[in-house]
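Following: one structure in structure tokens, then a few remarks.
The values are calculated or read from the model by the stated rules, or taken from the named source; none is laboratory data. Everything numeric here is computed off the predicted structure, so don't read it as measured data. Please note: Cβ atoms are built from the backbone with ideal geometry, for glycine as well, and neighbour counts cover all protein chains shown. Each accessible area value is taken on the protein alone, full model and side chains, heavy atoms only, with ligands, DNA and RNA left out. Shrake-Rupley method; radii C 1.70, N 1.55, O 1.52, S 1.80 Å.
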Amino acid sequence: AQSVTQLDSHVSVSEGTPVLLRCNYSSSYSPSLFWYVQHPNKGLQLLLKYTSAATLVKGINGFEAEFKKSETSFHLTKPSAHMSDAAEYFCVVSDPSGNTGKLIFGQGTTLQVKP
Amino acid sequence: GAGVSQSPSNKVTEKGKDVELRCDPISGHTALYWYRQSLGQGLEFLIYFQGNSAPDKSGLPSDRFSAERTGGSVSTLTIQRTQQEDSAVYLCASSLNGAIADTQYFGPGTRLTVL
């Protein structure tokens, strides 16, 4: 069965410092992995996705993630945090069973950015 | 172009009443998903529609929940005899053809409160 574990429920950084949001996955297949962001009272927005092409994936707003099969990780990083990055971030794996593409979400990480 | 839209944005109902939630997917997207976001359970899959195929209902929590998709476009999620534990944000998403690597585009959600 597929699953994702977000290792931190809450991360706090200062504006201008690097961001690291950690995610480990479990999958018996070659996974499709995603990071979504949810700003307060807004819908979910795709940041980036990994689909077995390049292991370093670049997304919107300066975010990137690296797929590491040996570590079963897909951590999200950004070199310099901006106040507008404060939001909830979800690491997500696509469930290949039944060929439906349904998504399995991690519990989320709240990113706080301090001025 | 237009994204996924959902209505109503907020719904307050009394325990025991039936509610209907509506989703308009992105035009041309054949796959449609319903998810639920609640404090206790996080984000969880409910049901999946793809074209004229039988829906995947494996995520529906009880037989009080049902959904239909008319004409391959608009979908309605119905909750009968609502209970307080049904209080959550109900999210709809669509993707081009339901492939496991497809990006799912989410609507803003319907916040359901059961008193």
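At R0 = 35 Å, how high is the FRET efficiency between residue B:5 and residue A:20 if r is their beta carbon distance? Nearest 0.05 is fine. Don't skip to the end; give the middle numbers.
Working: r = 35 Å, r/R0 = 1.00.
In this case the efficiency is close to 0.50.
Could you tell me the center-to-center distance, by alpha carbons, between segment A:1-67 and segment B:15-90 in angstrom?
25 Å
Give me the distance in nm between label points sitting 7 Å out from Cα along the Cα-to-Cβ direction at residue A:97 and residue B:81, one decimal.
2.9 nm
Write down the accessible area per residue of chain A in Å², having rolled a 1.4 Å probe over the full set of protein chains. Numbers along the way, then the final one.
Details: 5430 Å² over 115 residues.
Normalised by residue count, the accessible surface of chain A is 47 Å².
How much FRET efficiency would the formula 1/(1 + (r/R0)^6) give for residue B:63 and residue A:60, where r is the Cβ-Cβ distance and R0 is 45 Å, rounded to 0.05? Don't skip to the end; give the middle numbers.
Numbers: r = 40 Å, r/R0 = 0.90.
Using R0 = 45 Å, I get an efficiency of 0.65.
What part of the accessible area of segment A:1-71, given as a whole %, is carbon or sulfur when the probe is 1.4 angstrom?
Numbers: 1860 of 3830 Å².
Ligands and nucleic acids excluded, carbon and sulfur give 48 percent.
May I ask you to list the lysines whose Cα is less than 18 Å away from that of residue A:69, ignoring any residue fewer than eight positions away on the same chain?
Reachable lysines: A:49, A:58.
Tell me the relative contact order for chain B as a rounded percent, counting alpha carbon contacts under 8 Å between residues six or more apart. Working shown, then result.
Details: 281 pairs, mean separation 43.5, N = 115.
After rounding, I find 38 percent.
Please compute the Kirkwood hydrodynamic radius over segment A:3-114, one decimal place, Å, based on all pairs of different Cα atoms.
Working: mean 1/r = 0.0711 Å⁻¹.
About 14.1 Å for segment A:3-114.
Let me know the Kirkwood hydrodynamic radius for the protein assembly as shown, please, with Cα pairs as the basis and the value in Å to one decimal.
Working: mean 1/r = 0.0550 Å⁻¹.
About 18.2 Å, per the Kirkwood formula over Cα pairs.
With only alpha-carbon atoms counted, please give the Rg and Dmax of segment B:5-114, in Å.
Gyration radius and largest Cα-Cα distance of segment B:5-114: 13.1, 39 Å.
Sorted by average packing, counted as other Cβ atoms within 10 angstrom per residue and highest first, what order do B:4-10, A:91-97, A:66-72 take?
Ranked by mean Cβ neighbours within 10 Å, highest first: A:91-97, B:4-10, A:66-72.
Net charge near residue A:104: determine it from the other residues with C-beta under 12 Å of the C-beta of residue A:104, scoring Lys and Arg +1 and Asp and Glu -1. Display every interim value, and only then the final one.
On the way: positive: A:102; negative: A:95, B:44.
Once all neighbours under 12 Å are counted, the net charge is -1.
Residues of segment B:65-92 with amide nitrogen under 20 Å from the 7 Å Cα-to-Cβ point of residue B:44?
Within reach of a label on residue B:44: B:65-68, B:77-92.
Where both partners of a DSSP beta bridge lie in chain A, what percent of those bridges are antiparallel, to the nearest 5? Intermediate values should be presented prior to the final figure.
Details: 34 of 39 bridges.
Given both bridge residues lie in chain A, the antiparallel proportion sits at roughly 85 percent.
Need one number: nm distance between label points at residue A:52 and residue B:13, each 7 Å from Cα along Cα→Cβ, rounded to one decimal.
About 4.1 nm, to one decimal.
Summed for both chains, how many Å² of accessible area, to the nearest 100, are buried between B and A with a 1.4 Å probe? Don't jump to the answer; show the numbers that get you there.
Details: alone 6320 and 6260 Å², together 10930 Å².
The contact between A and B buries close to 1700 Å².
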